Every structure is written in C-alpha cells, then in structure tokens.
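Asks: One structure follows; several queries about it will come next.
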Amino acid sequence: MNEVIRLTNISKSFQQKTAVNHINFSIKKGEIVAILGPNGAGKTTTISMILGLLKPSTGDIDIYGQHPKHKNVREKIGVMMQEVSMMPGLKIHEILTLIRSYYPNPRSLDDLIELTGLTQQDLKTQAEKLSGGQKRRVSFALALAGNPDLIIFDEPTVGMDISSRNRFWQTIRALAKQGKTILFSTHYLQEADDVAERILLFKDGRIVADGTPSEIKSKITNQTVSFILNPDLSFEKLYQYPEIQQITRNNGRIYVHSTNADKVLAILFQEKLGAHDIQIERGKLEDPFEQLTSTNKEVI
Amino acid sequence: MKIFLLQCKMEIKRILRNKYFLFWSLVMPIIFYYIFTNVVNTNPENPSAWDAHYLMSMTVFSVMGSSIMTLGIRMVQERAEGWSKYIRMTPLSQSVYFAAQMIGQTFIHMLSITVIFASGAIINGVSLSAFEWFASGLWILFGSLPFLAIGTLIGLMKKVETAAGISNVLYMVLAVTGGMWMPLEIMPEMMQTIGKSLPAFHFGSGAWEIVQGGLPNWKNFLILVAYLTLFMLLSKYIRSKQEAV
C-alpha cells in the first residue's frame with residue numbers, strides 16, 4: 001500500500017481549548033514531511049494522535065490502513081519525542097538490546113552506532129547519568145532500533161548543537177533514500193525548508209498550507225521591485241494594475257509589492273515612468289511563515 | 001516469551017543496581033535484626049523462639065518495603081520521565097510490561113527472603129525445619145501481594161517526591177502497627193486494635209505462626225486477600241479517572 005498515514009477530519013479538544021481543528025491529510029510512502037508551525041499550533045497534539053497516545057475527539061487515523069495502536073503499526077514505527085526518556089538503572093547497550101528484542105527485524109547494534117554517532121562510552125553509561133547530548137543520541141538510536149519504515153520525530157533538534165544537528169539531518173536524508181517515510185515537526189523554518197519535500201503549515205490547530213517548500217514560497221511570498229523615481233513624477237498610475245498589491249516609499253525609493261516581479265517590470269517599462277536603479281528582492285520563507293501564522297495579520 | 005524473559009531479567013538488574021533498594025531492603029533489616037536480637041536485651045522468655053520470630057518480622061519488613069517503595073517510586077519515575085509513554089509506542093504489550101515488573105519484583109523478594117533468612121541462620125543460628133523455612137518464605141511471597149498493589153497505587157502519583165514521601169510514611173506506619181519492630185502484644189490496646197485491622201499485622205502473623213510450628217490463620221489469609229482486592233479496585237478506578245482526559 002502506498003499510503004502510510006491518513007488523517008480524516010481529525011479534531012482534538014482539551015476542555016475548552018481546541019488544539020486541533022478538523023484537519024485532513026495523508027502521507028505517502030517515502031515522503032519527508034515537516035509539520036511546521038509556531039508553538040501551540042497543534043503540532044505535538046497531532047503527532048501524539050498519530051502515535052495513538054491521544055484519542056482524537058473526532059475523526060479517524062489510519063496508519064498502514066490500521067489503527068495507530070495496532071501491534072503491526074507499532075512494529076513499523078520509530079519515534080523520538082520531545083522529552084527524552086530513559087529507563088533508569090540500565091546501561092545504554094542493555095536498553096538498546098531490550099528495545100531491539102521487541103521488533104521482528106531490528107537494526108544491528110553496529111548499524112545504530114554508525115547512524116547515530118553513539119560512542120562506546122555512551123553504550124557503557126547508565127541511563128540516569130547521560131548528558132543532554134548523549135540522551136538525544138540514545139533516543140535517536142531507540143527510534144531506529146526496530147528498523148522502522150515510518151519514522152516520526154517531534155521537534156527532534158531542540159537542544160542539539162549545530163554539528164549534531166547536521167549529522168542528524170544527514171542521517172535522515174540517508175534513511176529517506178532507503179525508502180523510509182519521515183514525518184517531523186519543527187518550528188525552525190530553515191529545517192523544514194532544507195530537509196522536507198513537503199511542508200504542512202499549521203496555525204491555530206489548522207493546516208493553512210500544504211505543499212513543497214518552493215510551492216509554499218511562490219504561492220505566498222511577496223516579491224518587491226524597488227526603484228528611484230524623480231520626486232516630480234507621479235506613480236499613481238501603477239495602482240490601476242491588480243497585480244500590484246502595495247506601494248510604499250522609503251528613503252526616496254519606491255517599493256512595489258507583488259507576487260509577480262516580471263509583470264511589475266513590464267508595467268514599469270510600459271508606463272515609461274522613468275524609474276531607474278531598479279532592484280528586485282525575493283522574500284524568504286520566514287516572511288510567509290510570519291504572515292500566515294501571526295495572529296495580527298495585516299490586511300494587504 | 002523471549003521478550004518476556006529478557007524484560008524480566010532487565011527489571012531484576014535494575015532493582016539490584018538501585019542503592020536505596022540494597023540499603024533499605026537488605027542492609028537495614030539485617031542490621032535491625034542483629035541489634036534487636038543481640039545488642040538490645042529484650043529478655044525474651046524463649047530466646048530461640050524470639051530469634052526466629054524477629055527474623056520473620058525483619059523479612060516481612062524488607063519485602064513490604066520493596067513492594068511499596070521500590071515498585072511505586074519506580075513507576076512514578078518511569079512515567080515522569082516519559083519512559084512509560086515511550087514503551088506504549090513500542091510493540092511491547094502493556095500486560096507483558098506489567099507482568100515482567102511483577103515477576104522481577106517477586107524474584108527480588110525471593111532473593112531478599114533468602115539473604116535475610118541466611119543471615120538469621122548465620123547470626124543467631126536460627127534453625128527451623130525445612131518445611132518451616134519453605135512455608136514461611138512462601139507465605140511472605142504471597143503476603144506481599146496487597147503491598148505490591150499499594151505500590152501500584154503509589155505508582156499512580158504524579159511526582160517522584162510526593163510518592164517517595166507518602167510511601168515512606170505509609171511504610172513506617174504499617175511496619176509499626178504491624179508489629180514488625182516490636183510485638184503488637186506489648187503495645188497499648190488502642191494500637192493493637194488499629195494494627196489488627198491493617199494488612200501488615202496479618203502479613204507478619206502468618207509467618208510468625210509458621211515458625212512457632214503452626215499454620216497461618218484463615219483470618220490472616222482472608223484479610224490480605226480483601227486488602228489486595230480493595231487496592232486493585234482502587235488502582236483500577238483511579239487509572240480510569242486519569243485516562244479519561
């Protein structure tokens with residue numbers, strides 16, 4: 001079956017608060033999908049429901065066509081949650097051996113060491129004596145222990161330094177090449193942009209955008225054409241074009257905001273305004289993210 | 001089955017590595033035993049009977065402690081650190097997980113019983129018939145069940161500190177009212193009445209009867225079973241309340 005995850009009309013309310021509000025999406029085998037959104041957007045709640053830790057208030061979740069709590073599902077999933085947890089009283093190699101024994105086709109210990117950068121020192125350490133960084137490596141190894149087809153991470157890189165972060169994403173890309181399906185949540189835009197093939201943008205418990213990073217960018221990113229114009233000349237004419245969303249003036253430069261910079265340039269030449277020193281700027285992904293997820297959204 | 005055995009083995013390893021367990025469940029009872037049978041002169045009518053009686057008291061005291069404290073606090077710790085949540089996402093079934101904890105705990109109790117019995121034989125030359133050794137050990141294993149259920153109740157608490165505090169107090173109260181430290185007969189009548197309505201006395205009583213050549217009273221048995229049922233129902237009720245969110 002090609003479809004790995006399907007959420008149909010999923011909501012979750014806690015007392016008065018609605019954390020997730022009627023969302024629908026499905027994820028196919030081999031996709032790398034980021035759930036992107038600010039804190040409180042419903043990312044962790046959604047992931048917890050996918051993992052069967054929370055019961056949805058409405059809707060259905062199917063994973064490999066089965067209920068999230070089904071044993072067959074559990075055998076195919078690897079998970080790394082935000083809070084890193086360890087079984088106190090055991091050494092890391094013992095924990096890994098134990099967890100590997102739960103799965104029908106576990107990854108070898110050597111494989112896990114290579115993928116996660118665990119050291120021999122880490123393996124001999126007792127769980128309660130691990131440092132923060134070691135804990136992260138171990139919980140990554142635990143997520144991969146069962147050689148899962150679907151790997152789910154909730155804010156995986158929080159608390160990682162830059163080099164472990166790079167290493168982590170390198171491993172994820174390698175796993176994706178092996179055909180693994182990967183779903184992770186993040187509030188780092190850069191991460192979603194760099195790693196994911198598809199972004200589900202969450203805001204206030206809803207999905208406000210779903211597409212490839214570049215689709216999301218081009219759909220909502222403003223491009224700006226700016227130029228200098230002789231102060232005696234008027235640019236009023238530009239307002240008649242629907243492609244132009246907004247015109248601002250700053251330090252003698254005129255900024256024309258539009259989703260289509262090519263068209264703006266054409267208009268400028270067509271109208272023969274006498275604009276010079278023309279520059280084009282393309283917005284970063286941060287901008288649409290801010291736009292889409294900030295509550296005091298300005299009406300453009 | 002392989003998973004279950006490995007899980008049990010790991011549970012046992014974990015308990016043995018716990019320094020608090022070793023101290024409270026093995027070192028302390030043996031020290032107490034030595035003090036109250038050798039250093040402090042209690043002038044018992046029949047010293048060898050007292051040595052055997054007090055050996056049972058201390059073994060019961062040890063097993064009761066690890067049932068309430070080791071199990072309960074560990075459960076809270078595992079939940080607080082998110083380990084139980086992680087386990088729920090693995091293919092390991094909850095019942096195997098729980099059963100392994102119970103088996104692990106029981107194995108540990110067998111170990112405690114053996115070690116404390118042996119030290120009784122070494123320190124005071126306590127000599128019982130093979131049947132008495134075996135039957136009293138078995139009774140102590142059985143009698144630990146209601147206290148394991150208390151452990152799972154403690155295990156439902158949210159914070160490790162609260163669980164540790166409450167289980168400590170509970171443990172000490174049960175030990176005193178159960179006549180573990182000094183026989184209930186020498187306590188005020190009021191204490192005796194209270195003590196006899198609580199499970200700890202009946203836990204000890206069965207073992208004391210056995211080493212005196214008798215058998216546990218049916219009342220000891222029934223009261224322990226009643227408490228076990230009560231605690232299990234209570235634990236189930238609280239769990240369903242907690243999961244309702």
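The values are calculated or read from the model by the stated rules, or taken from the named source; none is laboratory data. Computed from a prediction, not measured in an experiment: that's the story for all the values here. Heads up, the Cβs are rebuilt from the backbone with ideal geometry, glycines too, and the neighbour counts pull from every protein chain shown.
Asks: Yes or no: the range A:117-140 includes at least one residue that is crowded, with 19+ Cβ neighbours inside 10 Å, under 21 Å from A:G30 (Cα atoms) and aliphatic (A, V, I, L, M).
Replies: No, because not a single residue in the range A:117-140 is crowded, with 19+ Cβ neighbours inside 10 Å, under 21 Å from A:G30 (Cα atoms) and aliphatic (A, V, I, L, M).
Asks: Quick check on this structure: which one of A:I254, A:I228, A:I220, A:I247 is surrounded by 11 or more Cβ atoms within 10 Å (Cβ to Cβ), modelled with pLDDT of 80 or more and in contact with a Ser or Thr (Cβ under 9 Å, 6 or more places away or on another chain)?
Replies: The match here is A:I254.
Asks: Give B:S144, B:S167, B:S129 a once-over and let me know the one that is surrounded by fewer than 22 Cβ atoms within 10 Å (Cβ to Cβ) and either of a type in the set (S, T, N, Q) or at pLDDT 95 or above (or both). Spell out how you get there, then give the answer.
Replies: Details: B:S144 fails: surrounded by fewer than 22 Cβ atoms within 10 Å (Cβ to Cβ); B:S167 fails: surrounded by fewer than 22 Cβ atoms within 10 Å (Cβ to Cβ).
After ruling out the rest, the residue left standing is B:S129.
Asks: Another question, if that's okay. Would you mind listing the strands (runs of 3 or more DSSP E) fully within the range A:177-270 where at least 1 residues are touching a Gly at 6+ places or on another chain (Cβ under 9 Å), touching a residue at least 12 places away in the same chain (Cβ under 8 Å) and β-branched (V, I, T)?
Replies: A:181-186, A:198-203, A:206-211, A:223-228
Asks: Is it the case that some residue within the range B:216-223 is modelled with pLDDT of 90 or more, of a type outside the set (S, T, N, Q) and surrounded by 13 or more Cβ atoms within 10 Å (Cβ to Cβ)?
Replies: Checked against the condition, which is being modelled with pLDDT of 90 or more, of a type outside the set (S, T, N, Q) and surrounded by 13 or more Cβ atoms within 10 Å (Cβ to Cβ), the range B:216-223 yields at least one hit.
Asks: Quick one: is B:E78 closer than 23 Å to B:T90 by Cβ, buried (at least 19 other Cβ atoms within 10 Å of the Cβ), without any contact (Cβ under 8 Å) to a residue 40 or more places away in the chain and within 14 Å of chain A (Cβ to nearest Cβ)?
Replies: So B:E78 passes the test.
Asks: Only residues that are away from chain A (no Cβ under 14 Å) and in contact (Cβ under 8 Å) with a residue 12 or more places away in the chain: list them for the range B:1-27, please.
Replies: Initial filter on the range B:1-27 (away from chain A (no Cβ under 14 Å)): B:23-27.
Once the filter is applied, which keeps residues that are away from chain A (no Cβ under 14 Å) and in contact (Cβ under 8 Å) with a residue 12 or more places away in the chain, the range B:1-27 yields B:W24, B:S25, B:L26.
Asks: A:S131 is checked against (1) farther than 28 Å from A:N9 by Cα; (2) modelled with pLDDT of 90 or more; (3) among the hydroxyl-bearing types (S, T, Y) and fails just one. What number does that condition carry?
Replies: Only one criterion is unmet by A:S131, namely (2).
Asks: Just to be sure I understand, how many residues within the range B:76-100 are over 21 Å from A:K71 (Cα atoms) and either out of contact with any helix residue (DSSP H, G or I) (no Cβ under 7 Å at 6 or more places or on another chain) or of a type outside the set (A, V, I, L, M) (or both)? Write out each step before concluding.
Replies: First, the residues of the range B:76-100 that are over 21 Å from A:K71 (Cα atoms): B:76-81.
Remaining after also requiring either out of contact with any helix residue (DSSP H, G or I) (no Cβ under 7 Å at 6 or more places or on another chain) or of a type outside the set (A, V, I, L, M) (or both): B:77-79, B:81.
Matching residues across the range B:76-100 total 4.
Asks: Another question, then. What number of residues within the range A:80-128 are of a type in the set (A, V, I, L, M) and within 10 Å of chain B (Cβ to nearest Cβ)?
Replies: The qualifying residues number 10.
Asks: Continuing with the same structure: Limited to the range B:188-214, what total is found for residues that are over 24 Å from B:A149 (Cβ atoms), surrounded by fewer than 19 Cβ atoms within 10 Å (Cβ to Cβ) and in contact (Cβ under 8 Å) with a residue 12 or more places away in the chain?
Replies: Residues flagged as over 24 Å from B:A149 (Cβ atoms), surrounded by fewer than 19 Cβ atoms within 10 Å (Cβ to Cβ) and in contact (Cβ under 8 Å) with a residue 12 or more places away in the chain within the range B:188-214 amount to 3.
Asks: Let me ask something else. Which of the helices (runs of 4 or more DSSP H) contained wholly in the range A:61-158 include at least 3 residues that are touching a residue at least 60 places away in the same chain (Cβ under 8 Å)?
Replies: Those helices (runs of 4 or more DSSP H) span A:132-144.
Asks: Of all residues in the range A:44-71 being out of contact with any Pro (no Cβ under 6 Å at 6 or more places or on another chain) and among the small types (G, A, S), which is farthest from A:I182 (Cα to Cα)?
Replies: Applying the filter and picking the extreme gives A:S57.
Asks: Within the range A:56-79, which residues are facing chain B (nearest Cβ under 9 Å) and surrounded by fewer than 16 Cβ atoms within 10 Å (Cβ to Cβ)?
Replies: Result: A:K69, A:K71, A:N72.
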